[in-house]
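Inspection log for the structure reproduced underneath, given as structure tokens.
The values are calculated or read from the model by the stated rules, or taken from the named source; none is laboratory data. Predicted model only: the values in this text are computed from it and were never measured. All Cβ positions, glycine included, derive from the backbone under ideal geometry; neighbour counts span all protein chains shown. Accessible surface is based on the protein model in full, side chains and every heavy atom, while ligands, DNA and RNA are left aside. Shrake-Rupley method; radii C 1.70, N 1.55, O 1.52, S 1.80 Å.
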Amino acid sequence: MDCNCFDPLLPADELLMKYQYISDFFIAIAYFSIPIELVYFVQKSAVFPYRWVLVQFGAFIVLCGATHLINLWTSTPHTRTVAMVMTIAKFSTAAVSCATAVMLVHIIPDLLSVKTRELFLKNKAAELDREMGLIRTQEETGRYVRMLTHEIRSTLDRHTILKTTLVELGRALQLEECALWMPTRTGVELQLSYTLHHQNPVGFTVPIQLPVINQVFSANRAVKISPNSPVARLRPARKYMPGEVVAVRVPLLHLSNFQTNDWPELSPKSYALMVLMLPSNSARQWHVHELELVDVVADQVAVALSHAAILEESMRARDLLMEQNVALDLARREAETAVRARNDFLGVMNHEMRTPMHAVIALSSLLQESELTPEQRLMVETILKSSNLLATLINDVLDLSRLEDGSLQLDVGTFNLHALFREVLNLIKPIAAVKKLFVTLSLSSDLPEVAIGDEKRLMQILLNVVGNAVKFSKEGSVSVSAVAAKSESLIDPRAPEFFPVQSENHFYLRVQVKDTGSGINPQDIPKLFCKFAQNQELATKNSGGTGLGLAICKRFVNLMEGHIWIESEGVGKGSTAIFIVKLGIPGRLNESKLPFMPGLPANHMQMTFQGLKVLVMDDNGFSRMVTKTLLVHLGCDVTTIGSGDECLRVLTREHKVVIMDVSITGMNCYDVAVSVHEKFGKRYERPLIVALTGNTDQVTKENCMRVGMDGVILKPVSIDKVRSVLSELLEHGTVL
């Protein structure tokens with residue numbers, strides 16, 4: 001039977017309805033929570049552009065949620081199929097809505113952070129754009145600076161540097177005008193020296209004490225100045241709006257500020273002024289990078305000007321140095337010419353003076369050995385003393401000349417040191433005996449008997465020093481002592497340049513000559529070693545001397561790496577002369593090239609050479625006659641000739657000695673000596689050859705020994721000298 005009532009719901013259908021109720025409830029909650037979250041997002045996001053869309057979307061969701069909420073109270077029974085479909089749909093909507101609401105909770109903070117980073121990146125991008133613009137500006141500035149630096153440093157001419165600077169700055173900065181004001185010589189004004197467009201006449205001046213100039217000079221960077229300031233009035237007077245003007249200082253180098261170490265000094269008060277003007281009637285202003293460019297260019301110009309100034313000064317110094325070098329070279333050549341002329345003159349005068357002196361001394365010595373009255377003997381002795389003094393003067397002048405031009409060299413050899421002191425004493429004693437002076441000699445036990453050095457020069461020093469002691473002592477004694485100096489006794493504070501160095505192969509000889517004579521004023525002691533210097537208070541008419549002895553001694557001592565000085569407490573208190581010389585120590589006693597001859601025995605002084613055949617070769621008849629007279633007086637059989645060719649023609653084995661003058665004309669005497677050696681092949685057949693010369697230089701002696709001569713005799717000679725030479729020749733076969 002049919003009825004109009006609904007079938008009662010099964011338990012399963014009731015369960016589905018409960019699920020729909022639950023789904024509608026959660027859908028409504030989700031729809032209501034989503035707008036709340038959107039409102040929170042809109043409030044926190046300051047950059048979201050479409051807020052009205054979110055408001056509309058929120059309203060739609062709220063209405064949907066309300067619909068589902070109403071379904072909780074308006075639902076009616078449906079068929080099972082419809083109920084199943086609605087249940088699945090609502091359940092799916094509830095799941096999706098809840099998932100969306102939950103996802104928004106987690107997404108909104110991420111969205112907010114994305115917007116924040118976007119804003120940060122936009123700001124960074126804008127900052128990077130500004131930095132890139134600055135970098136591009138700096139690169140452009142650097143390019144201009146490099147270009148300008150290259151231009152101004154490609155020349156060292158200051159005018160080119162300054163003109164190039166103005167042109168390049170005007171081109172780089174698009175300037176209307178650019179000018180350079182330079183300080184005047186007085187330093188109280190600035191003068192318009194260079195302009196870009198020559199709108200103002202160069203030479204216009206302004207006072208350097210203007211406030212605007214002081215302002216620029218006191219700043220270390222470019223300074224904006226008024227377009228109406230005196231240094232900026234470089235454009236024609238027109239009715240326009242002048243552009244901005246900047247000025248910068250340019251340090252200048254003072255050429256007078258060169259120091260002793262040749263490094264220039266920059267004066268902080270010397271500047272040039274550079275003025276730069278932008279175009280008129282424009283709104284353009286100076287940018288920071290442009291001012292930096294001006295500062296850098298000003299510094300580069302200062303450096304370039306400094307280099308140019310240094311170059312100019314160095315070129316002037318070079319020119320001056322070249323002029324001085326030319327003058328010095330001319331003076332050197334003139335001095336060398338003068339030295340050569342002096343040496344030539346002295347050489348000629350030496351020979352020409354020794355030739356007549358040879359005759360005077362030789363004949364006077366012969367006359368002295370004849371029978372004379374006391375008055376005649378006194379006159380002859382006076383002639384001999386005066387002649388010997390003149391000969392000593394000649395020797396001193398020549399020695400001093402060679403010492404000064406450096407041509408004199410020591411003749412180093414092995415000699416008997418003790419015998420040298422005894423010979424000096426034997427030569428001095430006769431003179432001292434006349435004045436009744438007591439002369440003593442003291443040689444230390446450690447003083448080597450044999451030494452290596454210049455025997456002749458050492459004897460000359462001793463004779464000069466001891467001779468002075470005897471000369472200026474009227475009574476009393478003269479003591480001579482010699483020791484091998486120890487290290488502590490070598491140092492003398494008066495001679496800081498004297499640095500003795502001890503070694504196993506050398507020793508220092510210290511000689512002290514003390515007298516009781518007239519003494520010396522201590523203030524006059526340094527003068528004694530000067531040329532032609534004498535103690536005027538003590539020099540007498542009878543003392544003689546030239547004032548060259550000690551000057552020559554000092555130079556000889558210096559050549560021997562020594563030192564000489566004189567001590568005296570004053571006039572009338574005596575004096576002490578001390579000198580130190582460096583001598584060598586021979587390895588063997590027989591190392592001497594030629595043995596030392598301390599002197600001839602007494603019997604030699606009276607011996608004759610009866611029948612000894614001697615050949616004398618001299619082109620000067622007067623000198624030839626004098627030499628022959630001396631030899632004849634000694635008993636020799638003398639043959640005289642005047643040329644080398646004649647000598648070779650006349651010479652025989654019977655001739656035992658040949659005495660030849662070195663200065664003969666015609667055939668060279670050295671060639672004659674060589675020819676004599678060739679003529680007589682065996683040593684015992686050939687005669688002994690002795691050179692007679694007036695030349696005192698070492699070269700002459702070396703040339704004579706080189707060609708095989710057996711000795712050299714220096715004019716003038718006396719009868720005793722000839723006797724001594726012949727004795728040494730016959731006994732030793734050589735003459736020292």
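Lys and Arg at +1, Asp and Glu at -1: add these up for the other residues within a Cβ distance under 12 Å of LEU688 and post the number. Don't jump to the answer; show the numbers that get you there.
Working: positive: LYS613, LYS656, ARG683, ARG686; negative: GLU685, ASP710, GLU728, GLU731.
After counting each charged neighbour, the total is 0.
Give me the net charge for the shell around GLN368: Cβ to Cβ below 15 angstrom, other residues only, Lys and Arg +1, Asp and Glu -1. All intermediate terms of the calculation are to be shown ahead of the outcome.
Working: positive: ARG377, LYS385, LYS721, ARG723; negative: GLU369, GLU371, GLU375, GLU381, ASP720.
That works out to -1.
Just add up the charged neighbours of LEU443: K/R +1, D/E -1, any other residue whose Cβ is under 10 Å from the Cβ of LEU443. Walk me through the intermediate numbers first.
Values: positive: ARG422; negative: ASP446, GLU449.
Around LEU443, the charge tally is -1.
Quick one: 3J(HN,Hα) in Hz for the range 709-726, Karplus 6.51/-1.76/1.60 with θ = phi - 60°, rounded, Gly and Pro as x.
For the range 709-726, the Karplus curve yields 6, 9, x, 10, 10, 8, 5, x, 10, 10, 4, 5, 5, 5, 4, 5, 5, 5 Hz.
Under a crude label model (7 Å from the Cα following the beta-carbon direction), how far is PHE680 from GLU127 in nanometres?
Between PHE680 and GLU127, the label points sit 11.7 nm apart.
Normalising by the residue count of the range 614-710, find the relative contact order in percent from Cα pairs under 8 Å and 6+ residues apart. Don't jump to the answer; show the numbers that get you there.
Values: 137 pairs, mean separation 26.9, N = 97.
Taking the mean separation of contacting Cα pairs over the length of the range 614-710, I get 28 percent.
Could you compute the FRET efficiency for GLN376 and LYS474, with r as their C-beta to C-beta distance and R0 at 45 Å, rounded to 0.05?
0.95
Of the accessible area of the range 680-731, with the probe set at 1.4 angstrom, what percent is carbon plus sulfur?
Numbers: 1000 of 2050 Å².
Carbon and sulfur: 49 percent of the exposed surface of the range 680-731.
Please list the non-local residues whose amide H lies under 5 Å from the amide H of TYR194, H modeled 1.01 Å from N, same-chain partners needing a gap of 5 or more.
For TYR194, whose amide H was placed from the backbone, the distant partners under 5 Å are LEU180.
Go ahead and run the numbers for FRET between GLU352 and ARG706, Cβ-Cβ distance against an R0 of 22 Å, rounding to 0.05. Numbers along the way, then the final one.
Values: r = 26 Å, r/R0 = 1.18.
After rounding, the FRET efficiency stands at 0.25.
Take each of the peptides 464-471, 623-630, 183-190, 637-644, average the number of other beta-carbon atoms within 10 Å over its residues, and list them starting from the highest. Kindly include the intermediate steps, with their values, before the conclusion.
On the way: 464-471: 22.1, 623-630: 20.5, 183-190: 13.0, 637-644: 18.6.
The packing order, highest mean first, is 464-471, 623-630, 637-644, 183-190.
Can you tell me the length gained on complete extension of the stretch SER280 to LYS436, counting 0.36 nm per residue apart and subtracting the Cα distance? Walk me through the intermediate numbers first.
On the way: separation 156, 0.36 × 156 = 56.16 nm, distance 11.37 nm.
Stretched out fully, the SER280 to LYS436 stretch lengthens by 44.8 nm.
Would you grab the residues whose amide H sits under 5 Å from the one on PHE438? Only those 5+ places off in sequence or on another chain, please, with H modelled 1.01 Å from N.
Here the answer is GLY476, SER477, VAL478, since their amide H atoms fall under 5 Å of that of PHE438.
With each pseudo-label sitting 7 Å past Cα toward Cβ, what's the GLU189-LEU330 distance in nm, one decimal?
With each label placed 7 Å out from Cα toward Cβ, I get 4.1 nm.
Points 7 angstrom from Cα along the Cβ direction at GLN610 and LEU134: gap in nanometres?
For GLN610 paired with LEU134, the spin-label model returns 12.6 nm.
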